[in-house]
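One structure is given here, and the rest of the page talks about it.
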Amino acid sequence: MDHFSLVYDLCRAALGGDPKEAKEVVKKLSVILAKSGEADDAALISRLLKSKNGNGERRAVAFKESLASTVEVFELPGEQLHVGGHIPVDRESGAPLAEIIPVAQLHSERPMLGAALEGAVNDLLLEWQNARSLASLGLTPAKTCLVYGPPGTGKTRLAHWLALQLQVPVILVRLDGLMSSYLGTTSRNIGNLFKFANTYKAVLLLDEFDAIAKLRDDPNEIGEIKRIVNTLLQELDARRAIGFTIAITNHPNLLDPAVWRRFEVQLETPIPDWNQRLAIIGAFLPPLEVSEGKLQLLSWALDGCSGAEIEDVIIGLKKSHALEPNELTFVQRLTRISFAHGGRIKEEKRLLLASDVTSLAVALLEQPLFSQARVAEALDLNRSTVSRWAKLKQEKSELTDGDGTADSVCDQPEDVEKAAGS
């Protein structure tokens, strides 16, 4: 073992309760490491010596009473991490392997989650807030979390918010940036990165996790990838006892089964449902104000969109309203926006928005969440018109059910207009 004599002296001083001697041994070790070309390791030790405690002692997991209540607060071990400090780099390219996001820059608003996911997140927070109770049973709060789902569903926002609950910065790593064309370099980058993260009180956020955590039995992958995955698994296992790790992926199907087992909590962020869409729309729409019917029309049109896509569409709608405030009806405006965001809004929705008002109203009335009153609000029609028109449509449906054919009843927009004027 390299430098065993120094390690022995350090152990002897520590066990003998002589912090002054231990500090001198650590200084010697730092100098020797620097001279032998291990500058990164030497820098880590030097930083320990300069820490406010003076002896570089790592704090174990501690618990403190909240000032506002008697709930215990789970606290991560390690040194305080400051922006601008040393960040490990790729030796070949010199590129940094991580980015530091301070607490002040983390997303402060709680993500808009579905009821089931909200419950799972609350359970995780409950573990952190009751660490002492868990410890009495020989248990610890979950420290590994995998967040997966389609792009734009709030995975990164959720990870930031979780870190904010612990009041620690984030060490953000995009794993595709760790990959190197040099054999062995990627595994070394992973090792250096985890050594850095394990030193500080921070959440390690592994973005684009599928870049490395691939299926090891993929016949198209070379042995180097398998070694990289093995290195990652070993580092995840070691860190589990030290700090909190969150991994994010858009492609859960690419993950090695062994990787899934490393994460105590696995949170799926799905495409928003009806109620989530309404909540997201309501958050981004102000200062623009619309009726409840128009909110429902937006939620209907944005079915299948991610939270980020909904935000983009709402921004486009607000721009249109600012530039042409009186020239267009709400449906005309939404129709334009839907075609400007053709990759986000389903074709069937866009075509219905662009069709006549009758066809659009029929589609909305067939939705169980739309009442006649809400359809009238959404399309700026008289409520009695929609009611009379719906009754005519019902009669047509009954005639069709009777003999398989039916005369045209209120088939054209003019019928709606006539009914509105009568």
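The values are calculated or read from the model by the stated rules, or taken from the named source; none is laboratory data. Small disclaimer: the values here were computed from a predicted structure and weren't measured. Positions of Cβ are generated from backbone atoms using ideal geometry, with glycine treated the same way; all protein chains shown enter the neighbour counts.
You will find that of VAL103, VAL173, the residue that is out of contact with any Ser or Thr (no Cβ under 9 Å at 6 or more places or on another chain) and closer than 21 Å to ILE212 by Cβ is VAL173 and no other. Scanning the range 306-339 for residues that are farther than 24 Å from MET112 by Cβ and of a type in the set (A, V, I, L, M) yields ALA322, LEU323, LEU328, VAL331. Answer with yes or no whether GLY304 is surrounded by fewer than 15 Cβ atoms within 10 Å (Cβ to Cβ) and among the small types (Gly, Ala, Ser). So GLY304 passes the test.
So that you can scan it fast, the table gives a plain yes or no per residue for (1) of a type outside the set (Gly, Ala, Ser); (2) at pLDDT 95 or above; (3) within 29 Å of ILE345 (Cα to Cα):
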| residue | (1), (2), (3) |
| --- | --- |
| LEU205 | yes, yes, no |
| GLU208 | yes, no, yes |
| ILE212 | yes, no, no |
| ASP217 | yes, no, no |
| THR231 | yes, no, no |
| ASP237 | yes, no, no |
| ARG262 | yes, no, no |
| LEU267 | yes, yes, yes |
| ASN275 | yes, no, yes |
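Can you say whether ALA258 is of a type outside the set (Lys, Arg), modelled with pLDDT under 95 and outside the structural domain of MET112 (by TED's automatic domain parsing), as far as the supplied structure shows? The answer is no for ALA258.
I want to confirm something. Restricting to the range 346-363 and keeping residues that are without any contact (Cβ under 8 Å) to a residue 24 or more places away in the chain and under 23 Å from ALA376 (Cβ atoms), which single residue is surrounded by the fewest Cβ atoms within 10 Å (Cβ to Cβ)? Looking at residues that are without any contact (Cβ under 8 Å) to a residue 24 or more places away in the chain and under 23 Å from ALA376 (Cβ atoms), I get GLU348.
Close contacts from the range 294-308, counting a first residue that is over 14 Å from PRO150 (Cβ atoms) and a second that is of a type in the set (S, T, N, Q) and surrounded by 20 or more Cβ atoms within 10 Å (Cβ to Cβ), with Cβ to Cβ under 8 Å and a gap of 6+ residues or different chains, come to ALA301/SER338. Flag not set for THR185, criterion: at pLDDT 90 or above and assigned by TED's automatic domain parsing to the domain that holds PRO151.
Here is a check on your reading of the model: is GLU221 more than 14 Å from LEU175 (Cβ to Cβ), surrounded by fewer than 19 Cβ atoms within 10 Å (Cβ to Cβ) and modelled with pLDDT of 90 or more? Considered against the rule, which asks whether it is more than 14 Å from LEU175 (Cβ to Cβ), surrounded by fewer than 19 Cβ atoms within 10 Å (Cβ to Cβ) and modelled with pLDDT of 90 or more, GLU221 comes out as no.
Any residue at all in the range 322-345 that is closer than 30 Å to ASP123 by Cβ and touching a residue at least 40 places away in the same chain (Cβ under 8 Å)? Taking every residue of the range 322-345 in turn, none turns out to be closer than 30 Å to ASP123 by Cβ and touching a residue at least 40 places away in the same chain (Cβ under 8 Å). Identify all residues within the range 112-123 that are part of a helix (DSSP H, G or I) and surrounded by fewer than 18 Cβ atoms within 10 Å (Cβ to Cβ); write none if there are none. Matches in the range 112-123: ALA115, ALA116, GLU118, GLY119, ALA120, ASN122, ASP123. Which of the residues spanning the range 298-349 are assigned to a helix (DSSP H, G or I), over 22 Å from the mean Cα position of the chain (by Cα) and more than 21 Å from PHE370 (Cα to Cα)? Of everything in the range 298-349, those that are assigned to a helix (DSSP H, G or I), over 22 Å from the mean Cα position of the chain (by Cα) and more than 21 Å from PHE370 (Cα to Cα) turn out to be GLY316, LEU317, LYS318, LYS319, SER320, HIS321, ALA322, LEU323, ARG336, ILE337, PHE339, ALA340. From the list LYS418, LYS346, which one is at pLDDT 90 or above and charged (D, E, K, R)? Residue meeting the stated conditions: LYS346. Could you list, in sequence order, all residues of the range 365-410 that are at pLDDT below 65 and either of a type outside the set (D, E, K, R) or in the same structural domain as LYS294 (by TED's automatic domain parsing) (or both)? Result: LEU399, THR400, GLY402, GLY404, THR405, ALA406, SER408, VAL409, CYS410. Only one of GLY177, GLY154, GLY119, GLY149 is in contact with an Asp or Glu (Cβ under 6 Å, 6 or more places away or on another chain) and within 28 Å of GLU311 (Cβ to Cβ). Can you tell me which? Criteria check complete, one pass: GLY149.
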